[in-house]
Amino acid sequence: MKRTMLAKRVATVLSVTSAALFTALLAITPSQARTTDFGVRGGVYPDEDKAFLGAEALFGVSDSKKWFGNPNVEQVLVSSGDLTTVSFDFHYDFTNGHPYTFWAGGGPTLIHQDKERAGSGNTNDAGVNLLVGVGATKGEVRPYGQFKVVVADDNQAVVGMGVRF
């Protein structure tokens with residue numbers, strides 16, 4: 001029974017991650033492809049008291065090099081069921097030309113929750129992310145930290161760290 005639940009969870013994570021990254025790749029123009037960064041992230045959803053893992057793309061959406069698109073997917077490691085978010089965030093970098101930057105932004109998110117408990121069922125919820133972060137801009141591997149508030153039917157605060165390459 002546990003093996004079936006684990007297989008289902010892995011299949012769901014792979015499907016959602018593949019769909020999100022495929023969608024992000026379709027949104028990238030050939031000129032942006034040369035400057036697109038990819039990354040991995042992890043952190044915690046404190047309200048759920050659970051960790052998450054995620055993947056992302058980051059690309060410029062303006063010639064000023066201050067506005068960025070950041071599609072991403074996060075899988076919360078809940079003990080029963082699934083909690084997955086697929087988001088298309090945008091953010092504005094406040095500094096330019098420094099070894100680090102601060103940003104603020106937001107974007108739409110889709111939240112899928114499969115509770116796998118009798119009577120609970122699946123839920124899909126649309127929401128909005130509001131975020132602030134700080135991260136390195138120089139080097140092959142650039143660490144960052146981010147605080148996000150998910151405004152939806154079930155509001156969440158999220159603390160994350162990641163690396164982009």
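Screening the candidates 57, 20, 24 for the property of being in contact with a helix residue (DSSP H, G or I) (Cβ under 7 Å, 6 or more places away or on another chain), small (Gly, Ala, Ser) and either surrounded by 14 or more Cβ atoms within 10 Å (Cβ to Cβ) or at pLDDT 95 or above (or both) yields one hit, 57. Here residue 131 does not fit the description of being modelled with pLDDT under 95 and either surrounded by 18 or more Cβ atoms within 10 Å (Cβ to Cβ) or under 12 Å from the mean Cα position of the chain (by Cα) (or both). Among the criteria (1) more than 12 Å from the chain's Cα centre (by Cα); (2) without any contact (Cβ under 8 Å) to a residue 60 or more places away in the chain, the one residue 114 does not fulfil is (2).
When you look at residue 150, is it in contact with a Ser or Thr (Cβ under 8 Å, 6 or more places away or on another chain), exposed (fewer than 15 other Cβ atoms within 10 Å of the Cβ), assigned to a strand (DSSP E or B) and modelled with pLDDT of 95 or more, yes or no?
In short, no.
Answer with yes or no whether residue 48 is modelled with pLDDT of 95 or more and acidic (Asp, Glu). Spelling it out, it is not the case that residue 48 is modelled with pLDDT of 95 or more and acidic (Asp, Glu).
The values are calculated or read from the model by the stated rules, or taken from the named source; none is laboratory data. Just so it is clear, the model here is predicted, and its values are computed rather than measured. A quick note on method: Cβ atoms are made from the backbone with ideal geometry, for glycine too, and the neighbour counts reach across all protein chains shown.
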